[in-house]
Amino acid sequence: MDLRYGPEYEVFRRELREFLTGWPLSGDEAALPQAEQERIFRGRGIDAGYVYRETPEAYGGSGQPSDPLRDRILQEEYGRAGAPGNSLFQGPAMLVPTLLELGSEEQKQRFIPPTLRGEMSWCQGYSEPGSGSDLASLQASARLEGDDWVLNGQKVWTSNADSADWMFGLFRSEPEASKHAGISYLLIPMKQEGIRVRPLRQLSGAAEFFEVFFDDARTPAENIVGQRGEGWQVSRSTLKHERNLIGNPRMISDQFDRLLALAREAQVGGRPALSDAGVRRRLAEIEGFVRACETSNLRMLSASIRGEEMQVMLPMMMTKLYSTDVTQMIWKLAYDLLGTAGLTDCEWAPNYARDSTPPAVVQNYLFSLGPAIAGGASNIQRNIIGERGLGLPRDPRPPS
Amino acid sequence: MDLRYGPEYEVFRRELREFLTGWPLSGDEAALPQAEQERIFRGRGIDAGYVYRETPEAYGGSGQPSDPLRDRILQEEYGRAGAPGNSLFQGPAMLVPTLLELGSEEQKQRFIPPTLRGEMSWCQGYSEPGSGSDLASLQASARLEGDDWVLNGQKVWTSNADSADWMFGLFRSEPEASKHAGISYLLIPMKQEGIRVRPLRQLSGAAEFFEVFFDDARTPAENIVGQRGEGWQVSRSTLKHERNLIGNPRMISDQFDRLLALAREAQVGGRPALSDAGVRRRLAEIEGFVRACETSNLRMLSASIRGEEMQVMLPMMMTKLYSTDVTQMIWKLAYDLLGTAGLTDCEWAPNYARDSTPPAVVQNYLFSLGPAIAGGASNIQRNIIGERGLGLPRDPRPPS
Amino acid sequence: MHFGLSEEQALLQETLRGFIEAECPPTRLREIFDEGAAHDSALWKGLAEIGLPGLCVPESEGGAGLGALELALCCEELGAGALPGPLLFHGLATLALREGGAAAQRERWLPALASGERVASIALEGVGGSIDDAAGRPALDAAALTGVARHVPFAEVADLFVVALMDGGLAVVERDAQGLVVEAESGIDRTRPLGTLHFDATPAERLETGAEAFDVVRDAALCALAADAFGAAWALVRMTVEYAKTRQQFGRPIAEFQSVKHQLADMATAIELSRGLYWYAAYACDHIKAEASQQAALAKAHIGDQAVEIARQAVELHGGLGFTWECDVQIWFKRALFDRAFLGTPDEHRDRAAALGGY
Amino acid sequence: MHFGLSEEQALLQETLRGFIEAECPPTRLREIFDEGAAHDSALWKGLAEIGLPGLCVPESEGGAGLGALELALCCEELGAGALPGPLLFHGLATLALREGGAAAQRERWLPALASGERVASIALEGVGGSIDDAAGRPALDAAALTGVARHVPFAEVADLFVVALMDGGLAVVERDAQGLVVEAESGIDRTRPLGTLHFDATPAERLETGAEAFDVVRDAALCALAADAFGAAWALVRMTVEYAKTRQQFGRPIAEFQSVKHQLADMATAIELSRGLYWYAAYACDHIKAEASQQAALAKAHIGDQAVEIARQAVELHGGLGFTWECDVQIWFKRALFDRAFLGTPDEHRDRAAALGGY
């Protein structure tokens, strides 16, 4: 065990910090629209070998060898600087790795460069109203008619569906095949008559997701990734990339820091919250969980640096379930610390967040309920841990 | 809603208190052995109509009409006086009601009077090592040979097996019949060659239970309650009586009072525990659960007074699961309050209990783990609540 | 000895339940909720027809003369139906007038409140944030009230406010009194909007025995909120049970998955067994004064926590749907959040219960 | 950057694991446990042969010169095997001598401790009951020690005690020193018996830099206890997984019941993801002094709580069997109870962590 980064990486970090002093832009560039400024700085990052590191230069990346530790340093330093680096949008983060692995040469050339440049935006079409944790039961259909796929059905929980140029999605193309074998992975232009997008309001009142309705929408036959009926495997590859993004190591810790900042301002029973033994103890209890997340993350990073991912399969399966619970703990206490101010949505806004526009605690509290549902409900995660992680037998299945 | 008992019951309570001033015994009687004193005072209670109230006089009870409110008053006042009333041993509490409902006239005459007088003691033979929550899978066998049942197999978790004169138990008498239909309910003399009793030590170190081994043990053919193969139904009747004993309403509250007394003596971080906001809040949180138990109990008592048990079926199903959790909460906090004194078994013994021989908190803590297991594990209770209480479908069963 | 509902009490609940089912079924509730117009005058008129605004008003002033228990029993039904409207707070205001008002004050205000002709609300929280913290409340000097009261339910609708004062007493302020400015708050529960009252030398009348009445109203309010949360939690359990029976995943209703079934069993157990807690506390308000404050604090804290935890699980068991605005679960979830936070969080009431319980 | 075990560290764990599997399998463990003779000289000799008593002793005094991290890694294996014996405490005592002793003191005591010829233990708790509360500890006047130290592991076995003093320092007392009376305590964990030391003007030698060494030993001790609890908890999870696969009820292994499976998944998750907590804290003891005390307190509190909760569930999932003395679950359960309470409960260490964390 050795938590020092070593001289080579210290140099890398120093150079990177120097580079990041270039953000925010200055001079004439500072007057450009925000999106344009981001595009410029991201381009410089690609040229410097910091952004889209592993994507070949031919497709618009910087063609660097894989190096999870450099990735971590980049994440830390870009995060600290608040600078635009690797986009977290679904196109660059999920579709591009999938195309690199399974796309045709033509698809790679056509889709990857504009996606990385931010000129082509994507949304993901997986979930359906009837298919949540049991995703493979999806019903939206694709029928090959001449040179086109004809699409019908509905997708839900689609971020950015209102603005995206394209969707990558799963459709049932072989209705006769078994559940998992009848699905194809298609790329679909969003701006067409057969597609209608409706905002999906969350219980918090915000509308960050959309429903997408397909009514004889079309996409050319060649816009399929992988073979017909193999879409399920293709999408697993995407999910693998999602999982491989170990995630921002500071994500939970940042939330805990915000909780602490809130606790410094809050009152309990008319006295400062931090003078209350019960509050302090709840904070320290939560900090135990937060540090557990943080150190688990560090452990997975280490394994990935050394190519020993298999040795941390168990913690990798467990992380989502755990961090979901910890996030809920954090915002539950934050909500409690509001006292009766929790009765109103936006009343409380002391300087508790790092960024200048702190979302209300109430919003965070309500939002913290989401992860237990999204991307495979917590009960599904428990099945996976029990069966794949601990070798327990599968549930008895009903006659099918 | 009216929590006053009304004049008739106030008179009853006054007379009862007067009667209970007779305990402890005085004069020459005070010199008798404790067991003899208890026998005498219990006999006086029967004569006065206070003890074994609903058992006909012919069988040694006091032949009074059913009155749950008088029962409650008796429980409260006998409890306060620490006087011997209805025995909680399994003979009077479980076997006698079963015999009254399903025994032959001969069985009633032979077994009930000496059992109530404390001259014939009983143990219960239900659980087996392989049959815990799935009790009906029991394997101990009874084979009719001439005029005797011949018994083989093993029972476990049997209280008082070392001292009891008789056992009432379940045995598989019809090996060909289906699981529930092959069981008989038998009465068996314990003092015989074919029965061996071994103490079963609990994790706390105490040995309050026994294992009982049958090796061609015998009991006369007539010692069967109900018909051959109907033992499961007979035992359900016994369990019904067990459930109908709503239980001492003060059981959980008494434990909470002991927790409070302990908290008054304990230190946390070198200061009195009760000056600590976190401890006070945990106590009040637990008190919420305790009062929920107490008031639910009161509600069930009320329903039973008015013959409206059906209206409280749901809380009746839920009570065991809940009070098990609450008991664990109480002793968990008590154990915490010990601090490092929890490292040793018996070190801490301030005057926290009402009675003169306080069992150690550590023992209580360890013992509090038991109820989640005994008499149907908590998971089984949840199935019952879900299926019978909420009308949820049964689990899919494996092919049998 | 009867720890259960009398026929009259059961009938009261049934009547209100029937009214809500008929007049504010989920479809109508959804309309009101989305419009944010929580005071529906037709609903209020209907409630007035069955006498509910006068529930706690003495018979001599045209009411039913009932107490904290009957108010709480009604609140269970309000919570179960997530009924929009000021009935809970109106009931508490009438209780304050009954307990704290001189004869003339009672005669002056109560009849119009009993009939439902006028609507009252309560303003017990100042800027201190703690229910027993009087220092942050508005002050009454002669007959002029100055200060701020926050989180006042139906502040924009009520004709009359019972306001807790810095000196521990209570005062009555009319809606159209001079120097009263009402500012809407962006409340979390759209079935019960909130507002802030700003008083600037506003004419107000002190209730004769307001200090004693404050304790009565506070304790009854905690019971009423506990009951509302209890009703809301049971509604969420029922809703989730029904959803689990019909929602199919992996070829069977999710209710067949043992972990779902057990979660539902735990939710139902947690709420059902706390029913007696609010019953007893409310009964104590009416009949066992010495126990009322502690029992009310325990009931509010306990049921408030349980209800929100049940709501959280109800969201989770509804899957993606539960996370949407469309799904009615959110209406009850926010109802439970309101009941838990209004007049103080569980922690605050546990601190009070510990002190009142002598530990 | 490598947050994982080096080959040497992994080998250290494997070696100890192999030793325990071979020399103290459950059958042998059970014998030792039932006899209550937790210091088994054959086991100690075996540990000495693989160099473990000298783990934290500098190479110059015959040890391996390793640190708090390696000690904690060993403790994980000790906990996993519930190995009876004083190794954990002996290791901490050698750490105290290394950090606090003058050269002459190190040379005098460490070689015999490194070889395992003599056994040492620690006596950090006085009669105050709180780890940082010095007032209740024994006092050293000139070279005479007076007072009481409680909860001293292997008090009846150790040849040497490192004793925390009222003035914040540390002293060394030999077992056969005059005026030292050892009184056995009825400890909860039979793999690690406790005793009380009564000192009456007992000859003792002050360690040169004992006050600094106290902090080092305390933090290393908290990590070691966290690691022991971690190992014990994982052992309980594995044991329960195996039991659930074989125990049949209602015609199938209970592991097929979803609620059992999910409970096991939660147990495994709770413990596995806290591994890094003890790793990091122990690493910090060796390399990031500024973070060591807080991280050690958090790890001890967190893992101590998780392990006991896992043990409680392991008992429950073992059904009636889990409640018996016969069932090995109790051995690990009590091991976890010891690790949780020894040198302070989770609440106490959370209070310390809050203060150390600046909140």
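Nothing in this text is a laboratory measurement; each read-out follows from the coordinates by a stated rule. Note that the structure is predicted; figures quoted are calculated from it, not measured. Heads up, the Cβs are rebuilt from the backbone with ideal geometry, glycines too, and the neighbour counts pull from every protein chain shown.
Legend: mean number of C-beta atoms from other chains within 10 angstrom of residue C-beta atoms, peptide B:294-305, equals 5.
Straight-line cross-link partners of C:K245 among the lysines, defined as a Cα under 27 Å from its Cα and at least 8 positions apart when in the same chain: A:K155, A:K179, B:K320, C:K261, C:K334, D:K261. Across the range B:310-317, coupling constants 3J(HN,Hα) worked out from phi with the 6.51/-1.76/1.60 Karplus curve, θ = phi - 60°, read 4, 6, 10, 4, 4, x, 5, 5 Hz, and Gly and Pro carry x.
In nanometres and ascending order, the distances from the A:G82 label point to those of the other copies are 7.1 (point 7 Å from Cα along Cα→Cβ). DSSP finds beta bridges in the protein assembly as shown, and of those with both partners inside it, around 85 percent are antiparallel. A cut-off of 5 Å between modelled amide H atoms, ignoring neighbours fewer than 5 places along the same chain, links D:A201 with D:L145, D:T146, D:G147. Distant-in-sequence amide contacts of D:G126, defined by a placed amide H-H separation under 5 Å and a gap of 5 or more residues or a different chain, comprise D:R150.
Inter-chain Cβ neighbour count for A:308-320, averaged per residue, equals 2 (cutoff 10 Å, partner chain atoms only). Here the chain A residue lying nearest the rotation axis onto B, judged by its C-beta and given with the distance in whole angstrom, is A:G278, 2. Comparing mean-square fluctuations of C:I310, C:I331, C:I288 from a GNM of chain C with C-alpha springs under 10 Å, the top value falls on C:I288. Rounded to the nearest 20 debye, the dipole magnitude of the protein assembly as shown is 1560 debye, with +1 charges on Lys and Arg beta carbons, -1 on Asp and Glu beta carbons, and the Cα centre as origin. Between A:G194, A:G60, A:G278, the Gaussian network model of chain A with springs among Cα atoms under 10 angstrom shows the greatest mean-square fluctuation at A:G278. Chain D holds its axis-closest Cβ, relative to the rotation onto C, at the residue and whole-Å distance D:Q258, 2.
Per-residue Karplus couplings for the range D:21-30, computed as 6.51 cos²θ - 1.76 cosθ + 1.60 with θ equal to phi - 60°, are listed in order as 4, 7, 9, 9, x, x, 5, 5, 4, 4 Hz, Gly and Pro entered as x. Considering only C:A282, C:A93, C:A270, give the residue with the highest GNM mean-square fluctuation for chain C, with springs between Cα atoms whenever their separation is below 10 Å. Per the Cα network of chain C with a 10 Å cutoff, C:A270 tops the list. Of the GluC sites (Glu not before Pro) found in the range B:280-320, those that fall in a DSSP loop while having at most 12 other beta-carbon atoms within 10 Å are B:E308. Overall, the range A:7-86 carries a charge dipole of about 160 debye about its Cα centre when +1 sits on the Cβ of Lys and Arg and -1 on the Cβ of Asp and Glu, all other atoms neutral. Across the identical copies, the 7 Å label point of C:A144, projected outward along Cα→Cβ, sits 8.0 nm from its counterparts, in ascending order.
Applying the Karplus relation 6.51 cos²θ - 1.76 cosθ + 1.60 with θ = phi - 60° to the range A:250-262 yields 3J(HN,Hα) values of 8, 4, 6, 5, 4, 5, 5, 4, 5, 4, 4, 4, 4 Hz, where x marks Gly and Pro. Summing Cβ point charges (Lys, Arg +1; Asp, Glu -1) relative to the Cα centre of the range D:7-115 gives a dipole of roughly 340 debye. With neighbour counts taken as other beta-carbon atoms within 10 Å, the residues C:T246, B:T158 rank, fewest first, as C:T246, B:T158.
Less than 5 angstrom separates the built amide H of A:L32 from none of the residues sequence-distant by 5 or more or on a different chain. In the protein assembly as shown, helices alone account for a calculated mean residue ellipticity at 222 nm of -15500 deg cm²/dmol, with every DSSP H run of four or more residues adding -39,500 (n - 2.57).
Quick check: from the Cα gyration tensor, does the range D:194-286 come out rounded (a/c under 1.5), prolate or oblate? Verdict is oblate for the range D:194-286.
Taking other Cβ atoms within 10 Å as a rough exposure proxy, B:D147, B:D71, A:D336 sort from fewest to most as B:D147, B:D71, A:D336. Anisotropy class assigned to the range C:120-208 is oblate, per the alpha carbon gyration tensor with a/c at or over the 1.5 cut-off and a/b no larger than b/c. Round to a whole angstrom and tell me the spacing of the C-alpha centers of the range C:340-355 and the range A:34-102. So the two Cα centres are separated by 50 Å. For chain B, the longest principal axis of the Cα atoms and the long axis of helix B:277-305 meet at an angle of about 40 degrees.
Under 1.5 on a/c is rounded, so check that first for the protein assembly as shown, then, if it is not, pick prolate when a/b is larger than b/c and oblate when it is not; a ≥ b ≥ c are the square roots of the alpha carbon gyration tensor eigenvalues. Since a/c stays below 1.5, the shape of the protein assembly as shown is classed as rounded. For the range A:1-100, the list of trypsin sites (Lys or Arg not before Pro) that fall in a loop by DSSP and count at most 16 other C-beta atoms within 10 angstrom reads A:R4.
Sorted fewest first by neighbouring Cβ atoms within 10 angstrom, C:V119, A:V312, D:V181, C:V162 come out as D:V181, A:V312, C:V119, C:V162.
Using a 7 Å projection from Cα along Cα-to-Cβ, the label point at C:E23 is separated from the same position in the remaining copies by 8.2 nm, smallest value first.
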